[in-house]
Amino acid sequence: KRHLISTADLSRDDAILILDTAEEMARVADRPIKKLPTLRGRTVVNLFFEDSTRTRISFEAAAKRLSADVINFSAKGSSVSKGESLKDTALTLQAMGADAVVVRHHASGAPHRLATSGWLNGSVINAGDGTHEHPTQALLDAFTMRRHLAGAADGGPVHHRGPGDGTGRDLDGRRITIVGDVLHSRVARSNVQLLHTLGAQVTLVAPPTLLPIGVGSWPCEVSYDLDAVIPKSDAVMMLRVQRERMNAAFFPTEREYSRRYGLDGLRMARMPEHAIVMHPGPMNRGMEISADVADSHRSTIVEQVANGVSVRMAVMYLLLGGAVLPDTDAPIRNA
Ligand code: CP
């Protein structure tokens, strides 16, 4: 494959290969010298038309750890604000020799357009497009779940089991609950598809007004009752309420929303002992998640960010056909 646009494009074998490669990359990140020479001489462009903290920084860190040259492009302060089109921006990047373009865009479908237009020769990696998809977020979420939930018997203690067994069966039957503003969430879309591919059972919990039309055809269950689902969850992923994508008239009130759909300490106490709390970030503390839950020992929120670097290293390594991955137990030359 040359591009990563949607988790729907990943077979089970593709997803497992990325997750296993990310485990190798994580071992490199644990070393005092964190760099590999695999993408030396290659250029990665971070093309961000929408704000980002985690995704932009972790793609930059990942590319640098693979020794690629990195160009960061933010639409703010560029000629996009003078009306330059996506096509002309892409042609400009192509002229500078981009081997990979990591794109975040407010328009659903923009990365697909870049990948199929012929304006770019390099790989296109979707870093979040509108309300459509955020595939590397789903991959880092699956990586995190796999580390905590892999191979466990139902209800058993499962924390920090280490990498999956490479058979792709390690999320089979895991019960993942995704809660909140599904309507505007590219993270939910990518996760539902990827987790289904990996054999997990996904339940979406949301107010009816924050579920998309057509959710009935997604490969998951839907519930409106968080309290009923929580005790049967191996992981509970809270979603940010995306006010910037809503008409102000439809803002849910913070108190009512958190009462019915927020995760606080009382609800967390009803989760199985082994279950983890996830959030892609950024969080609305006090709305979809209380501060004590976000900072609790069951929260993997900071760990998800760290795992994002390993997963993005794996994606770029595989798409750009880096040199053979060295034995990560052997000394690695500083590139
Ligand atoms: N999870 C996520 O995409 O965060 P950023 O918007 O900060 O990149």
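We did not get these values from a lab; they are worked out from the coordinates using the rules stated. Every value quoted in this text rests on a predicted model; they were computed, and no experiment measured them. Cβ placement follows ideal geometry from the backbone for every residue including glycine, while neighbour counts extend to all protein chains displayed.
Taking the convex hull of the alpha carbon positions in the stretch 187-242 and averaging its projected area over all directions gives 4.0 nm². Based on Cα contacts under 8 Å between residues 6+ apart, the chain shows a relative contact order of 22 percent. For the chain, the spread of Cα positions along the three principal axes, ordered from largest to smallest, is 54, 51, 34 Å.
A full extension of the chain between SER217 and LYS76 corresponds to an added length of 47.0 nm, given 0.36 nm per residue minus the alpha carbon distance. Among 293-305, 35-47, the peptide with the highest mean count of other Cβ atoms within 10 Å heads the list, and the full ranking is 35-47, 293-305. Computed extension length for ALA228-ASP13: 74.0 nm, one decimal, from 0.36 nm per residue of separation with the Cα-Cα distance subtracted.
Most tightly packed first, judged by the mean number of other beta-carbon atoms within 10 Å of their residues, the peptides 195-204, 255-264 read 195-204, 255-264. Under a no-solvent Debye model with one identical scatterer per Cα of the stretch 17-120, what's log10 I(q)/I(0) at q = 0.11, 0.13, 0.22 Å⁻¹? Result of the Debye calculation: -0.39, -0.53, -1.23. Computed from the alpha carbon atoms alone, the convex hull of the stretch 135-301 holds 103 Å³ per residue. Take every Cα pair under 8 Å whose residues are at least 6 apart in sequence, average their separation, divide by the length of the stretch 135-301, and the relative contact order is 22 percent.
In summary, the lysines within cross-link reach of LYS87, defined as a Cα separation below 24 angstrom excluding same-chain residues under 8 places away, comprise LYS1, LYS76. With a cut-off of 12 Å between beta carbons, the residues surrounding PRO207 carry a summed charge of -2, where Lys and Arg count +1 and Asp and Glu -1. Each stretch of four or more DSSP H residues adds -39500 (n - 2.57); spread over every residue of the chain, this sum gives -10000 deg cm²/dmol at 222 nm. Packing, taken as the mean count of other beta carbons within 10 Å per residue, orders the peptides 92-98, 143-149 from highest to lowest as 143-149, 92-98. Computed from label points 7 Å out along Cα-Cβ, the spacing between ARG2 and HIS106 is 3.0 nm.
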